[in-house]
Structures are given as C-alpha cells and as structure tokens.
Amino acid sequence: MTYKGYLIDLDGTIYLGKEPIPAGKRFVEELQKRDLPFLFVTNNTTKSPATVAQRLADEFDIHVAEETIYTASLATIDFMKDDNKGNKVYVIGEAGLIDLILDAGFEWEEEQPDYVVVGLDSQVTYEKFSIATLAIQKGATFIGTNPDKNIPTERGLLPGAGSLISFLETSTKTQPVFIGKPEATIMEKSLQRIGLKKEEVLMVGDNYETDIRSGINNQIDSLLVLSGFTPKAAVPTLPAAPTYVVDSLDEWDFDQ
C-alpha cells in the first residue's frame, strides 16, 4: 500500500540518544524529496518543537520546520482546550512543557487549578508532589503527558514521566488521563495536524510499547524499525504484530 503521510518517532528511529542513525536521515530526506507530509510524534515534553527542530539541524543535519514536530506537550494543550474545563493549571515538568502551556493562554495556579499536568521533571521535589496531590484531591483533572516508565540514557534506564505520575496515582488514588503514545489523544490530534485519515498514514517507530502500540490500538498501520528500543529477538513473541518490520529504514519501499 502507498501511504499519503507518515507519523514518525524520533529517538531510536531518527537518532539514538546523541548518535545519528544514517538511515533515519535518508528516510526523512526521501519524504521531503517525494513531497510526502510527515509529522514527528514524540512523548518528550522537556523540549519545545523549535528546540527539537534546531537540535535535528545542528546535531544530525536533518532540516525540518518546527511545524513538523508534535510533542506530548502540544497534544496536552490541545486536549485541555477541547476539554474546556478552565484555564488554570499547575504543572510538574520542564520548560518544554510549562512554557508552551503558559504561552497557550493557561494561567499558573497552585491552590485550585482546573488541571494538574505531570511530565518528566528532573528537578522534581516532594513539595511539587504535595501541591499536585492537594489540587487533585480538590477536583483538578489529573493529566499525565505520557506513560513512559523509563527513559533510555547513557547511564541506563532512568525514571520517566510515568514513574512520577505513578507517585501521584498512589497519593491521590486517582487515575490520570494519559495523552502521549500509545494513547488515542495524541494519535487523533496528530491526524488532525497532518490532515489525513487513519488508513492513509503509517506510524513509524522503534518502540513496540509506545510507537507500535499507538498504531495497533488506534487502527493505524505500523512499521517497527529495529534500530532502537525493541530488539529483533522480541519480534516473534510480540502479542500483536506490527504491519511491517524492518532492520533499517533503508529497507522501506515507499512505492509498495
């Protein structure tokens, strides 16, 4: 099948940490050459789309517009605007999340916010958790930007946003609304951004639990590339198979 557009993961697919994946760069350049629309869909909330685009250019010589980058931060903002409960928010997260939310017109509120948003925060404190816990107990909608329990780093697997969110699930006895991959919210918003239907796009990624599950769970075809998180040895025992599996994005046939 020939796809009209592509939803693409970044880390592990286009690059691996600080290391380039040459096939990832060639894949993006082929999309640009063919004038095929694409959207990078990432659970990372620590960096703004502009910062991500700058990093792609500076570190990996991949040149894309910031409009092609859709983060869990942007999907969270879109969700809150659609939900329309109010504009007061308390956020546990870093600048890539907090600045975008405030720039979108939401107001910081610690006592009685309408929303408590939790993303990755490397400077998280007990006091931040306390403020968030009390606000959720008072009725704030509890939003988790993404369910990732860990993040891969050169030191190993460190706590991810999902680990912080689990802390608050315990302290509030409240289930969060999750936004990021593999949830429906970020995928539906991504389709709106790219302007295509589910059957017209392919979800491309290296992580079965987030990227490929976001395809399977939302009736979107998926391409698992074995360049990052999910190893080749795991493929035969995956509970539901991706639509396609390749060792490298160089193997992908855009005209199939």
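The values are calculated or read from the model by the stated rules, or taken from the named source; none is laboratory data. From a predicted model like this one, the values you see are computed outputs, not experimental measurements. For neighbour counting, all protein chains shown are included, and Cβ atoms are generated from backbone atoms with ideal geometry for every residue, glycine included.
If residue 59 meets every condition in (1) crowded, with 21+ Cβ neighbours inside 10 Å; (2) part of a helix (DSSP H, G or I) apart from one, which number is that one?
(1)
Output the qualifying pairs, or none if there are none: Cβ atoms under 9 angstrom, residues six or more apart or on different chains, first residue in region 85-99 and among the polar types (S, T, N, Q), second residue modelled with pLDDT under 95.
none
Can you find, within region 123-146, the residue that is farthest from residue 71 (Cα to Cα) among those that are in contact (Cβ under 8 Å) with a residue 40 or more places away in the chain and within 18 Å of the chain's Cα centre (by Cα)? Steps first, please.
Quick first cut of region 123-146, residues in contact (Cβ under 8 Å) with a residue 40 or more places away in the chain only: 124, 129, 131-132, 135, 140-141, 143, 145-146.
Right, trim to within 18 Å of the chain's Cα centre (by Cα) and you get 143, 145-146.
Values: 143: 15, 145: 9, 146: 10 Å.
So the residue we want is 143.
Collect the residues in region 181-213 that are in contact with a strand residue (DSSP E or B) (Cβ under 8 Å, 6 or more places away or on another chain) and within 20 Å of residue 160 (Cα to Cα), keeping them in residue-number order.
181, 185, 186, 205, 206, 208, 211, 212
Has region 134-156 got any residue that is in contact with a Pro (Cβ under 7 Å, 6 or more places away or on another chain), within 23 Å of residue 193 (Cβ to Cβ) and buried (at least 16 other Cβ atoms within 10 Å of the Cβ)? Reasoning before the result, please.
Restricting attention to region 134-156, the residues satisfying the condition of being in contact with a Pro (Cβ under 7 Å, 6 or more places away or on another chain) are 135, 140, 142-144, 150.
Then drop every residue that is not within 23 Å of residue 193 (Cβ to Cβ), which leaves 143-144.
Now restrict to residues that are buried (at least 16 other Cβ atoms within 10 Å of the Cβ): 143-144.
Yes.
Given the structure, is residue 214 within 15 Å of the chain's Cα centre (by Cα) and under 20 Å from residue 11 (Cα atoms)?
On the way: within 15 Å of the chain's Cα centre (by Cα): yes; under 20 Å from residue 11 (Cα atoms): yes.
Judged against the criteria, residue 214 is a match.
Determine whether region 198-207 contains at least one residue that is among the polar types (S, T, N, Q), surrounded by 21 or more Cβ atoms within 10 Å (Cβ to Cβ), in contact with a Ser or Thr (Cβ under 7 Å, 6 or more places away or on another chain) and part of a strand (DSSP E or B). Even if it seems obvious, please write down each step before you answer.
If we filter region 198-207 for residues that are among the polar types (S, T, N, Q), which is where we start, we get 207.
Subsequent filtering for residues that are surrounded by 21 or more Cβ atoms within 10 Å (Cβ to Cβ) retains 207.
Subsequent filtering for residues that are in contact with a Ser or Thr (Cβ under 7 Å, 6 or more places away or on another chain) retains 207.
Now restrict to residues that are part of a strand (DSSP E or B): none.
The answer is no; no qualifying residue exists.
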